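Working notes, structure below.
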Amino acid sequence: MSAVIEVTTVDPGLLADIQRFGAADVSACFSCGNCSAICPLSNNDGTFPRRMIRYGQVGLRDELLGSKELWACYHCGLCSESCPQRADPGEYMAAARRYAIASYDRTGLARALYVHPAVGSGVLVALAAAFATFFTLMSGAEPRHSLRLFSFLPDSVVHWTGIAVMIAVVLVALAGVSTMVHGLARHEGVHGRDLVVGAASWRRAWRGAWSAVAVESLGQKRFRDDCADADPAEHWYEKRWIVHATVMWGFIGLLVATMLDYGLSLTGVRATGTPEPVWYPVRLLGTVAGLAMVAGVTTMIVSRLRRSNQASTFSHQSDWVFLTLLWVVGVSGLLTELALYLPGAPSWGYWMFVAHVSLAMELLVLVPFMKFAHVIYRPVALFFQSLANTKA
């Protein structure tokens, strides 16, 4: 019987590469274990997040990228506050996740956006300009007696452009998830047959998916319960989990409202862009969701400007780009809606609509490449975390 020899590849430049994504100098860490002792999410083995730091220090790239614990951290900041060496392990974990996003991405765009600010800024400006130019060329003349946005910019152009962008984003995201899952499965010792063979495995997989998506990602159970004591906010509306939930659920609400509006148009119930009272259910959902998202993003921006907690002490350029883009998309959408209810037909409403649609498309394109990618990769990691904790 021949023995199977596992080969571990060491990348001596791993830590230096991670630091390009914003990490502090964690080479000062001497593995005292203080971060693991104070972390509210640390499990019984007492190695989280210390093990993630050691992976970076000794160059174990595959182990780092294949660790579900990398995505378990919500950056509460307790570890950084208590670190005797000021190595800032919380920011290291955030930088390692940026590094992971760039590593899972096979196009190279994520790395360019993260580590080459000038190139990244150029890409963002060019992408926004390309969408704006395209939609402007597709627009037509519109009588100014009323504001009919989808006569000015045909709804078919917006919808089909959105569908094309979504297909491209899904394909890129699936490629990244495939790379991630391959590393996670190898690192965790989970094989595909463990998930698909037998009713017990199906039930286990279902419980894992429910826990990862409904309980943790949407319900934010650990962020809300385990990390609550680490939040220094004085007011309930400034609590990080509440702000995060407001942004997340606001965005989901906008997405649902858009899909419902499009679905009603396809079924012939009502045409897209038809004037409706503000209390019309789909319009009301979109308005409330948009206000919630803008309020949450504004709170995040103010928190980072004030550096009101450990998590906002350091802000990577990508954090500002993401928050700014999300805020502008939300505000431009609300202003476009306001123009619909103003008397007359303000001409700025048409161009606000073009700006809103262009930036919304850009935001969608960037989902797999920037911080928005957490919505893709965190649930996958939490799924594996649930499998590890769930009996078949």
Dividing the convex hull volume of the Cα atoms of the range 241-392 by its residue count, what figure in Å³ per residue is obtained? 165 Å³
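I need Val58, Val10 ordered by Cβ neighbour count within 10 Å, fewest first.
Starting with the residue having the fewest Cβ neighbours, the order is Val10, Val58.
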Going by average Cβ density within 10 Å per residue, which order do the peptides 23-31, 156-164 take, highest to lowest? 23-31, 156-164
Send over the Kirkwood Rh of the chain, from the inverse of the averaged 1/r over different Cα pairs, rounded to one decimal Å. 22.9 Å
Cα centroid distance between the range 12-59 and the range 223-268, in Å? 30 Å
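Order of 254-265, 175-186 by packing, highest average Cβ count within 10 Å first?
175-186, 254-265
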Mean Cβ count within 10 Å, highest first, over the residues of peptides 124-131, 79-86: 79-86, 124-131
Between Rg and the Kirkwood Rh of the range 14-104, both from Cα atoms, what is the Rg to Rh ratio? 0.91
Trp320, Trp327 arranged by Cβ crowding within 10 Å, fewest neighbours leading: Trp320, Trp327
How high is the relative contact order of the range 14-104, given as a whole-number percent (alpha carbon pairs under 8 Å, six or more residues apart)? 40 percent
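Which whole-number percentage describes the relative contact order of the range 109-389, with Cα contacts under 8 Å and a sequence gap of 6 or more?
Across the range 109-389, relative contact order equals 32 percent.
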Computed over the range 8-166, the ratio Rg/Rh where both radii use C-alpha atoms and Rh is Kirkwood: 1.20
Residues Arg240, Arg378 in order from fewest to most other beta-carbon atoms within 10 Å are Arg378, Arg240
Please report the spacing between the Cα centers of the range 66-116 and the range 330-376 in Å, no decimals. 29 Å
Provide, in order from the shortest bin, the percent of all Cα-Cα pairs of the range 201-302 in each 10 Å bin, continuing until the bin that contains the maximum pair distance. 14, 31, 28, 21, 6, 0
Check every DSSP H run in the chain and write down those whose alpha carbon atoms cover 30 angstrom or more along the long axis and whose mean Kyte-Doolittle hydropathy is 1.0 or greater. 117-138, 155-188, 240-266, 281-306, 317-341
Add -39500 (n - 2.57) for each DSSP H run of 4 or more in the chain, then divide by its residues: what number comes out at 222 nm, to the nearest 500 deg cm²/dmol? -20500 deg cm²/dmol
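Throughout, read-outs are computed from the coordinates displayed, never taken from laboratory work. Keep in mind it's a predicted model, so treat the numbers as computed, not measured. Please note: Cβ atoms are built from the backbone with ideal geometry, for glycine as well, and neighbour counts cover all protein chains shown.
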